[in-house]
1. Can you give me the long-range amide H partners of A:Asn281? Hydrogens built in the peptide plane at 1.01 Å from N, cutoff under 5 Å, separation of 5 or more residues or another chain.
2. Do you know the Lys pair count in segment B:11-314 for C-alpha distances under 30 Å, with sequence separation 8 or more or different chains?
3. So what J values fall out for segment A:295-307 if you push phi through Karplus, 6.51 cos²θ - 1.76 cosθ + 1.60 with θ = phi - 60°, rounded to Hz, Gly and Pro as x?
4. Could you check the spin-label model distance between B:Tyr281 and A:Ile416? Points 7 Å from the Cα along Cα→Cβ, value in nm.
5. Using helices alone, what [θ] at 222 nm do you get for chain A, with -39,500 (n - 2.57) per DSSP H run of 4 or more residues, divided over all residues and rounded to the nearest 500?
6. Calculate for chain B the 222 nm mean residue ellipticity that helices alone would give, adding -39,500 (n - 2.57) per DSSP H run of length 4 or more and normalising by residue count, nearest 500 deg cm²/dmol.
7. Which net charge results when you count Lys and Arg as +1 and Asp and Glu as -1 among the other residues whose beta-carbon is under 10 Å from that of A:Phe120?
8. Any idea how far apart A:Ser298 and B:Val238 come out in nm if each label point goes 7 Å out from Cα toward Cβ?
Amino acid sequence: MEALDTLLLSRIQFAANISFHILFPTITIALAWVLLFFKWRYNRTGDYDWMRAYFFWVKVFALSFALGVVSGITMSFQFGTNWPGYMESVGNIAGPLLAYEIITAFFLEAVFLGIMLFGFRKVPGWLHTFATAAVAVGTLMSAFWILVLNSWMHTPQGFEMRDGVAHVTSWMEIIFNPSMPYRLIHMLLASGLTVAFLVAGISALRWLMRDRSNELRKTMRVGVWMGALLIPAQIFMGDLHGLNTLEHQPAKVAAMEGNWETGSNVPLVLFALPDEEARENRFELAIPNGASLILKHSADGVVPGLNDFVAEDGTIEHPPVAPVFWSFRVMVGVGFAMLTLSWAAAFAMRGGRGVEGLPRPLLWAFVPMALSGWVATLAGWYTTEIGRQPWLVHGVLSTEAAVGDVPPSMVMSTLIAYLAVYAVLLAAYLGVLVHLARKQAHGAEPEPGRAADPAPEMTPVPAE
Amino acid sequence: MTLFADPTLWLPLAFAALMGLSILVYVVLDGYDLGVGMLFPFATASERDRMVASIGPFWDANETWLVLAVGLLLVAFPYAHGTILTALYLPVAIMLIGLILRGVSFEFRVKAPAPHKWAWNAAFFAGSLMAAAAQGWMLGMYVMGLEHTLGNALFAAASAVFLCIGYSLIGATWLILKTDGDLQRKAVRWARGGIWGVAGGLAAISAATPLVSPRIWEKWFSVPEIFLLAPLPILSGVLLAVLWFSLRRLPTADDQFAWLPFTATTGLVILAFIGLAYSFYPYVVPERMTIYEAAAAPGSLFIMLIGVLVVVPVIIGYSALAYWVFRGKATELRYD
């Protein structure tokens with residue numbers, strides 16, 4: 001069973017790397033545009049508080065960007081070290097898409113990042129704004145190419161197989177594959193929500209640390225409104241994406257719904273422990289006709305069941321049920337928590353009441369919700385990626401066929417090393433976010449037991 | 001133009017050339033910032049801030065050349081990509097962890113609470129060392145044909161040491177260019193120390209490569225090749241001499257010629273690279289797989305080539321802009 005061990009370990013290793021990686025692009029994709037917005041507001045109004053907001057958040061951006069870059073490099077190597085069958089089989093398609101990501105996005109971001117971070121005093125204002133815009137466009141293009149490739153792995157088309165190797169027949173069909181527009185917009189909105197709640201959460205934390213600067217009032221408003229506006233769009237988009245998945249990957253939707261038998265009037269399962277041995281749900285709590293209503297928009301709509309995806313010899317051809325079922329529920333649950341919190345906050349801040357209008361429990365609720373975008377994004381990716389199993393490229397290449405011939409001990413030892421590094425970095429990242437927030441909140445006031453902050457321009461502007 | 005008549009002939013060659021160019025640019029550019037990282041333990045706290053400032057605006061773009069190089073290997077030679085990277089599984093993992101530590105320490109060392117700074121400085125040094133040593137090991141293993149034997153491992157270990165010294169030399173010459181005062185004087189001393197390691201490394205790789213394979217021996221030591229190739233070792237010798245004499249004179253009073261050691265070192269890297277490329281052509285996996293056997297389908301290569309030819313000049317253009325904006329001696333990095 002050596003092959004299986006390497007397969008499982010390689011999957012865990014890639015899952016660990018890609019999970020760690022996606023945390024940071026999820027922040028940088030939207031944060032770049034938020035920074036551009038700050039810079040644009042400063043250019044228009046001349047209000048230096050917008051630049052203060054920029055300087056604070058650009059630090060978070062720089063840190064997130066660095067973590068995203070280094071963990072992304074890891075993945076580009078792991079295609080070869082752990083999944084050589086992937087490029088050998090579909091390299092003619094994946095290759096150019098990845099190459100276009102590197103040449104159109106990576107270099108644009110990486111080169112202009114220096115000017116964006118350190119160039120405010122060195123270059124004319126328009127060039128600094130341009131550098132910020134270039135980085136924002138770069139992150140967006142990077143997301144575009146990666147989501148094209150990922151969507152193609154879910155809904156492949158525009159190619160033909162010759163001797164086990166995929167050859168391109170139409171680039172338009174590959175790029176504009178059926179799930180790409182849904183997945184791309186779903187992910188971009190997820191990034192926007194992650195940043196909205198991160199900005200609101202850190203701003204709330206600073207407010208609770210008695211920071212009363214005007215810059216903070218601005219960022220809190222931006223975060224709350226961004227969240228309140230994007231979340232309904234995301235719920236609507238998620239529904240469309242689900243319908244698209246139902247059309248192309250019914251087994252995944254059956255696992256998301258925890259539905260075993262194909263039929264009409266399928267209930268919406270709110271809670272259950274799916275049991276793959278017995279092929280049924282335990283402790284099921286469900287709303288009658290719910291799944292039929294959501295997926296077919298009629299109470300007697302027919303919804304596919306998992307038992308349709310078992311071969312005659314008993315081979316399971318659907319994804320593992322419990323992880324897909326649960327990660328989907330986590331994602332949706334976090335989404336509704338975002339809706340509740342951002343709308344409550346937007347209501348409390350209405351009509352110029354501002355941050356003062358927010359009751360303390362609401363401010364406190366924003367602090368843990370700073371990371372809600374991460375949780376929802378990861379849960380969503382687990383739903384869609386585990387939901388594609390046992391395929392790596394749906395219907396074309398199985399995950400098992402792509403794995404490399406490396407001894408399991410080697411995969412295991414590197415896995416442990418990566419996990420240790422990622423754990424330390426994640427702890428350090430969160431620690432530094434809190435540290436930056438505290439430094440900003442306390443400004444030049446010396447903290448007990450620590451030297452005064454030497455940067456005088458970090459002094460918060462007195463409230464009003 | 002018979003060469004261009006058959007795209008299965010010239011497309012793999014074009015991509016091999018592009019990949020070679022990316023690796024070369026990577027070695028020079030990331031070479032200087034990994035080298036600066038490895039010189040960290042020899043510097044004082046304020047010198048370290050200055051050293052990081054000299055590479056801060058550039059390191060990210062420098063590393064992107066590695067992504068491009070492995071990306072081109074991945075996309076243009078998918079069959080070789082798996083073979084090479086599975087054979088180098090552990091050193092690749094060590095290099096990646098090194099690059100992770102190095103990259104994030106840039107950010108953490110200035111943003112983390114001050115009492116933690118020493119730990120991120122240590123991670124910055126360790127990451128740079130891990131990445132450089134792993135790359136040297138991989139170079140040695142690659143030259144030896146990716147066969148895991150004790151002799152090859154010893155050679156790879158020596159190659160790792162030489163590459164670390166080589167990167168440190170590039171890093172030191174970069175500091176001569178980008179700093180002044182005490183740190184510049186120190187950098188000159190560091191560079192003087194590195195020059196011997198580099199000469200030894202060049203000699204060892206040059207001696208070993210033809211001995212590994214009769215085919216490479218044939219390519220070097222037959223007439224007229226030996227005369228056509230003679231400029232490589234001769235020019236290398238001249239550049240080493242230039243380096244040696246310039247380091248004895250630097251730093252000059254008006255900072256003239258501060259650019260010379262970095263330029264000479266870059267020249268050495270280019271010559272060494274041409275030598276290696278000549279030895280291994282047409283193989284992408286030494287003695288096992290040629291670039292023509294490993295290449296992706298011509299249609300896929302062609303669509304990438306168009307993108308690369310349009311975009312690479314633009315990349316060079318805005319890289320030049322970044323170097324121009326941050327020209328001159330490195331000053332403190334400020335966000336505001």
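Only the coordinates and a few stated rules stand behind these numbers; no lab work does. Quick caveat, the model's predicted, so the values are computed rather than measured. Cβ atoms come from the backbone with ideal geometry, glycine included; neighbour counts cover every protein chain shown.
1. The answer is A:Asp275.
2. 5
3. For segment A:295-307, the Karplus curve yields 8, 10, 6, 7, 4, 9, x, 8, 10, x, x, 5, 5 Hz.
4. Result: 4.6 nm between the two label points.
5. Calculated from helices alone, the mean residue ellipticity at 222 nm is -23500 deg cm²/dmol.
6. Mean residue ellipticity, 222 nm, calculated: -27000 deg cm²/dmol.
7. +3
8. Rounded to a tenth, the inter-label distance reads 8.4 nm.
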